[in-house]
Structures are given as structure tokens and as C-alpha cells.
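Input: a single structure, listed below in C-alpha cells.
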Amino acid sequence: MGDLLRVEGLVKYFSTDQGLIASRLSKKVHAVDGISFTVRSGETLGLVGESGCGKSTTGRCLIRLLEPTAGTIDFDGIDVRALKGRALQEFRRDVQFIFQDPYASLNPRMTIGEIVTEPLAVHRLGTPQERRARAKELLDVVGLNPEHINRYPHEFSGGQRQRIGIARSLALKPRLVICDEPVSALDVSIQAQVINLLDDLQDQFGLTYVFIAHDLSVVRHISDRVAVMYLGKIVEVGGWQGLYDEPHHPYTQSLLSAVPVPDPAKQRTRERIILQGDVPSPIDPPNGCRFHTRCPIAQDICHHQEPELRQVAPDHEAACHFAKPFPIELAAVAPGTEAADAV
């Protein structure tokens with residue numbers, strides 16, 4: 001299974017200067033600061049971390065909704081950053097986006113039929129009749145009644161609206177879908193339904209996902225590999241089972257130790273890693289390892305030398321000078337079950 005997407009040294013800075021003329025001395029928000037990763041064809045890469053770590057910014061840079069400051073993005077041999085005009089438009093037929101907020105991402109003045117067919121209209125594909133037929137087909141695929149094609153977004157629940165957003169993302173038959181926290185705004189029971197739907201659609205259409213989330217229990221059920229971000233950097237990446245069973249980076253260990261287990265006896269006795277302090281400002285990130293200000297095992301080298309992402313196990317890398325396995329006990333539950341909902 002070859003790489004569909006290769007990202008090298010991706011950087012995205014935002015200027016803090018609000019004036020008409022940007023000052024050379026103005027500070028910058030280091031939203032994404034030199035990350036590299038690959039996404040294999042047909043797999044799901046989970047991108048996780050605390051709010052503000054750069055996950056959504058990364059997703060938007062991949063499709064060039066935001067222009068990267070530096071780095072390379074290679075999609076199936078195409079240099080994405082070099083694309084312009086028609087070539088960029090054609091690229092966006094292959095890469096689509098599912099937004100986080102199902103309420104804000106749908107135009108309230110458009111029917112769901114118009115929303116789902118809008119990508120087809122933008123790319124001038126098919127006749128109006130063919131587009132309408134395609135919309136009905138997609139609504140049925142995502143579990144909605146095709147006869148509701150003339151209804152408006154306000155007539156649907158949050159979970160149904162997210163299904164409409166998913167249908168829209170599939171209209172152009174993409175190869176890669178960026179899922180930007182697609183279930184974070186939904187009730188827990190609805191989250192499981194949407195995750196199962198995405199899983200089924202991947203099998204049905206051969207999709208590749210970058211699944212962005214802050215909920216580790218959600219990412220675990222859909223991802224083949226997981227990349228953990230902290231303050232604009234990837235600190236650990238690997239196959240989901242190895243990363244969840246034996247995380248090597250202290251930050252990953254702390255995140256996993258905070259995930260509740262649906263067993264009261266185990267929950268009371270399991271070890272917790274409590275981080276001290278707040279996340280540093282991305283405007284002035286710490287020198288060396290960015291996690292050292294909160295890390296329970298930090299030593300002098302961590303304050304001055306940034307650790308490289310290195311292999312610590314087969315298909316498993318971590319950016320830590322003192323990376324070592326730390327078994328985390330998490331219950332193996334299937335999405336959609338009562339135990340999964342409890343997690």
C-alpha cells in the first residue's frame with residue numbers, strides 16, 4: 001500500500017500584527033512548526049492533540065484553504081503548493097473536507113439538494129437532472145431520506161446535518177477526505193453512528209482519511225495509524241494498537257491515562273499522569289523540547305535540544321530524548337456499544 005500523501009517540514013505561522021502594514025518585528029503564532037508525515041492509500045491517519053495544537057490548521061493547509069508558510073505537500077506525486085488555477089481546482093476534486101460544525105458549515109438559505117450538488121455545479125459536472133439524481137443517491141448512501149432533498153438545514157438534527165456535510169464531501173468522488181473533528185459537536189450516541197458511517201464509506205468507496213480529533217477514544221476506533229501533536233509539533237506517530245498499548249512519549253502517556261475506562265474497579269486503581277502547568281503560548285514556544293515545561297521526566301538536555309522523531313518500535317516513532325514504553329490499560333470496546341458510549 002503506497003503513500004497517497006507525503007508532508008515534509010510543513011510550517012504555518014500567523015502574524016500577530018493587526019495593522020495595515022505588517023511590521024518586521026511583529027511576533028508570529030507558530031501554529032504548525034515543521035511537521036512531517038505520510039498517509040498511505042486506503043488508510044485512516046488519526047491526528048490528535050489538545051485544542052490549539054495545530055491539528056485543524058494542518059488539515060486546512062493540506063487542501064490549501066490556508067497557504068502554508070513553508071514545507072512540501074505531495075499528493076500522489078503532485079506538488080500541491082505549486083498548483084494554480086485549473087490544476088488547483090482539479091486537485092480539490094480529489095481531496096475534500098468535512099467541517100467540524102454541522103450548523104455553521106451548511107448554507108441555511110440552500111436546500112440540502114442544492115448543498116450536495118454545489119460541488120458538481122462549481123466543477124461543471126453533469127446536467128441539473130444528473131446532479132439532482134446524484135444528490136438523491138448520496139443522501140441514501142449516508143442514511144438520509146432522498147425524498148427530503150428539498151428541505152432546508154434547520155429541519156434536520158445535528159447528526160443529520162453532519163451526514164449532509166459528508167454527502168457533500170463525496171459528491172466529486174474524492175480519494176482523500178480531511179475530517180476536521182467531524183463528531184466533536186455531536187452527542188455521544190450520535191458520534192458512534194457517524195464514525196461507523198465513515199468506516200462503511202471508506203470500505204465502499206476506497207477512501208483515505210485524515211481524521212482530526214481531540215478525543216483519543218474516538219480516534220482509536222477509526223484509525224489505522226495515529227499522529228499525536230503538541231504545540232505545533234508531532235511528538236509521536238505509529239500504528240494505533242502499538243501507540244495505544246505502549247505509548248513512548250510522556251505527552252501521549254498522559255493523554256491516554258486520562259481516558260476513562262468503562263469498568264469502575266479498573267478506573268479506581270489505574271495509574272493517572274497529571275500534567276502540571278499550562279500549555280505554553282504558541283507565540284513564544286519553549287526552546288528545546290516544547291513539552292519540557294510540563295514533562296514529568298524532563299532533564300537538562302530537554303531544555304536546550306529539540307528531540308528528533310525517531311523509531312522506537314516497528315512502525316512507531318517518538319520525539320523524546322528518554323522515550324520508553326509505558327503500558328496503558330484501555331478497554332477494547334467496539335464503537336456503538338454502551339461501553340464505547342461510556343468512554
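Taken together, the values in this text are just the output of simple stated rules run on the coordinates, not laboratory data. Not measured: the values here are computed from a predicted model. All Cβ positions, even for glycine, are placed from backbone atoms using ideal geometry, and neighbour counts span all protein chains on display.
On a full-extension model of 0.36 nm per residue, what is the gain between residue 215 and residue 301, subtracting their alpha-carbon distance, rounded to one decimal in nm?
Contour length minus Cα-Cα distance gives 27.9 nm.
How big is D, in µm² s⁻¹, for segment 38-100 by Stokes-Einstein at 4 °C and 1.567 mPa s if Rh is the Kirkwood radius over C-alpha pairs?
Translational D for this selection: 100 µm²/s.
So for the pair residue 107, residue 205, with labels modelled 7 Å out along Cα→Cβ, what separation do we get in nm?
2.0
At a Förster distance of 35 Å, what's the computed FRET efficiency of residue 118 paired with residue 3, Cβ-Cβ distance as r, to 0.05? Mind showing how you got there, number by number?
Values: r = 31 Å, r/R0 = 0.88.
About 0.70, to the nearest 0.05.
I'd like the per residue volume of the convex hull spanned by the Cα atoms of segment 113-265, given in cubic angstrom.
139
Residue farthest toward the positive end of the dipole of segment 77-174, with Cβ of Lys/Arg at +1 and Asp/Glu at -1: which of 157, 87, 138?
Of the listed residues, the answer is 87.
If each residue of separation counts as 0.36 nm, what is the full-extension length gain between residue 90 and residue 311 once their alpha-carbon separation is subtracted?
Once the chain is fully extended between residue 90 and residue 311, it gains 75.9 nm.
Using the Cβ atoms and a cut-off under 13 Å, what net charge is assigned to the surroundings of residue 182, where Lys and Arg are +1 and Asp and Glu are -1?
With Lys, Arg at +1 and Asp, Glu at -1, the net is -1.
With a sphere of radius 10 Å drawn around the Cβ of residue 325, what net charge do the other residues whose Cβ falls strictly inside it have (Lys, Arg +1; Asp, Glu -1)? If you can, show how the numbers build up before the last one.
Details: positive: 324; negative: 245, 246.
Charge balance in the 10 Å sphere: -1.
State the volume of the convex hull built on the alpha-carbon positions of segment 177-234, expressed per residue in Å³ and rounded to an integer.
So the per-residue Cα hull volume is 85 Å³.
DSSP loop (so not H, G, I, E, B), at most 16 other Cβ within 10 Å: list which chymotrypsin sites (Phe, Trp or Tyr not before Pro) in segment 87-187 pass both filters.
Sparse-neighbourhood loop chymotrypsin sites (Phe, Trp or Tyr not before Pro): 103.
Segment 45-76 to segment 82-144: how many Å between their Cα centroids?
One Cα centre to the other: 22 Å.
With r defined as the distance between the Cβ atoms of residue 81 and residue 15 and R0 fixed at 25 Å, what FRET efficiency is calculated, to the nearest 0.05?
0.80
When the chain is modelled as a GNM with alpha-carbon springs shorter than 10 Å, which of 278, 215, 74 fluctuates the most?
The residue with the greatest mean-square fluctuation here is 278.
Could you run the Debye sum over the Cα atoms of segment 137-199, one equal point scatterer each and no solvent, and tell me log10 of I(q)/I(0) at q = 0.13, 0.15, 0.21, 0.24 Å⁻¹, two decimals?
-0.33, -0.45, -0.88, -1.13
I want the local charge near residue 30. Using Cβ-Cβ distances under 11 Å, sum +1 for each Lys or Arg and -1 for each Asp or Glu among the other residues.
On the way: positive: 12, 27, 28, 233, 290; negative: 33, 284.
Taking every Cβ under 11 Å from that of residue 30, the sum is +3.
In the Gaussian network model of the chain, springs joining C-alpha atoms below 10 Å, which of 161, 290, 124 carries the largest mean-square fluctuation?
124
For the chain, what log10 I(q)/I(0) values come out of the Debye formula at q = 0.09, 0.14 1/Å, with one point per alpha carbon and no solvent?
The computed values of log10 I(q)/I(0) come out as -0.52, -1.20.
Quick one: among 78, 112, 234, which has the greatest mean-square fluctuation in a GNM of the chain with alpha-carbon springs under 10 angstrom?
Sorting by GNM fluctuation, first place goes to 78.
Cα-based Rg of segment 77-174 per 2.2 N^0.38 Å, rounded to two decimals?
Here the Cα radius of gyration is 1.11 times the empirical estimate.
Expected output is a single nm value to one decimal: the length gained when fully extending between residue 258 and residue 151, i.e. 0.36 nm times separation in residues minus the C-alpha distance. What is it?
34.3 nm
Simple spin-label model, 7 Å along Cα-to-Cβ: residue 187 to residue 322 in nm?
According to this spin-label approximation, the distance is 4.6 nm.
Grab the DSSP H runs of the chain that are 4 residues or longer, score each as -39,500 (n - 2.57), total them, divide by all residues and round the 222 nm result to the nearest 500 deg cm²/dmol.
On the way: 12 runs with 111 residues, N = 343.
So the helix-based figure for the chain works out to -9000 deg cm²/dmol.
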